[in-house]
Amino acid sequence: MTAAPHEHRSGFACFVGRPNAGKSTLTNALVGSKVAITSDKPQTTRHTIRGIVHRPDAQLILVDTPGLHRPRTLLGERLNALVRETWSEVDVVGLCIPADQKIGPGDKFIAAELSKVARKTPVIGIVTKTDLVSKEQVAEQLLALQEVVDFAELIPVSAVDGYQVSALTDLLISRLPAGPQLYPDGELTDEPETTLIAELIREAALEGVRDELPHSIAVTVEEMRPREGRDDMVEIFAELYVERQSQKAIVIGKQAERLKYVGMTARKQIEALLGSKVHLDLHVKVAKDWQRDPKQLRKLGF
């Protein structure tokens with residue numbers, strides 16, 4: 001059921017695409033605040049993070065999903081299952097294709113998968129990262145995208161310079177059904193604070209690490225409490241997990257310099273999130289081949 005023009009709309013949308021297509025950056029741009037971590041490393045997103053867009057006439061809940069990819073581990077299989085489950089539950093799907101890369105087999109594979117849901121869920125084609133290329137290249141990418149699947153709409157955007165971000169919001173909202181507010185005013189995500197904190201630590205740890213390491217890093221927040229004798233400080237105890245001893249050495253760095261940098265970077269972001277001073281205690285542990293081990297995946301929240 002589509003809403004009449006004056007009715008309040010509410011519902012769910014998700015962005016899909018191959019890893020590093022700009023989905024998380026776009027989610028943050030639409031919400032107007034950082035709710036999903038971003039990195040130039042593929043498969044940064046591992047959970048479905050919900051970002052909430054509030055407008056007087058509508059409430060749009062964006063579900064940021066992991067990139068769909070050919071899985072090489074049990075973790076990869078579980079992430080793909082999570083993406084497909086999300087597709088089946090939302091009101092509209094946006095397929096993100098970067099403007100600066102040719103449409104490849106990975107994009108076509110996702111488009112083919114999406115065409116199975118397109119019968120009951122509208123799919124919008126989104127050309128992302130338009131700030132990186134010329135207008136001619138954007139036009140070429142839109143034409144190429146038209147050949148891939150029968151989209152309900154096509155739109156070029158740039159999350160970095162804000163180009164057409166509000167137009168995309170309008171497009172997504174126009175596809176939502178009539179409905180009341182689903183979340184209170186001012187709430188930007190329904191993620192628990194500990195999940196967001198763990199993600200911010202992982203984002204800091206991903207910065208500048210070698211290509212093989214990103215997939216091997218997982219973070220858990222073990223404890224979070226007010227500091228004794230101080231009501232302006234929160235103590236957070238977190239553990240960074242890697243799969244091998246050699247990776248532990250990379251994360252810690254020479255004389256623990258890297259780990260100090262990760263802690264400092266994450267602490268600034270967490271303080272902004274919580275609006276209070278933070279004492280962050282980080283430890284690095286080895287959980288051998290955790291991406292392939294069902295028991296360890298459960299322990300790490302997958």
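Here, each number is a calculation from the coordinates, and none is a lab measurement. Treat the numbers as computed from the prediction; the structure is a model and nothing was measured. Note: ideal-geometry Cβ built from the backbone for every residue, glycine included; neighbour counts use all protein chains shown.
Beyond 29 Å in Cα-Cα separation lie the following of the pairs Lys108/Lys288; Lys102/Lys260; Lys248/Lys268: Lys108/Lys288; Lys102/Lys260. Under a model in which nothing but the beta-carbon of Lys, Arg (+1) and Asp, Glu (-1) is charged, the range 193-299 shows a dipole of about 380 debye around its Cα centre. Treating only the Cα positions of the range 193-299 as identical point scatterers, give the base-10 log of I(q)/I(0) from the Debye formula at each q in 0.14, 0.20, 0.24 Å⁻¹. With no solvent term, the Cα-only Debye profile gives -0.54, -1.02, -1.33. Distance between the modelled labels on Lys248 and Leu182, one decimal in nanometres: 4.2 nm (7 Å Cα→Cβ projection).
Can you give the FRET efficiency to the nearest 0.05 for Met233 and Lys102, using r as the Cβ-Cβ distance and R₀ = 45 Å?
Details: r = 50 Å, r/R0 = 1.11.
According to the calculation, E is roughly 0.35.
The label-point distance for Lys116 and Glu140, in a model that sets each label 7 Å from Cα toward Cβ, rounds to 3.3 nm.
Label-to-label distance for Glu222 and Lys295 is 2.0 nm, based on points extended 7 Å past Cα in the beta-carbon direction.
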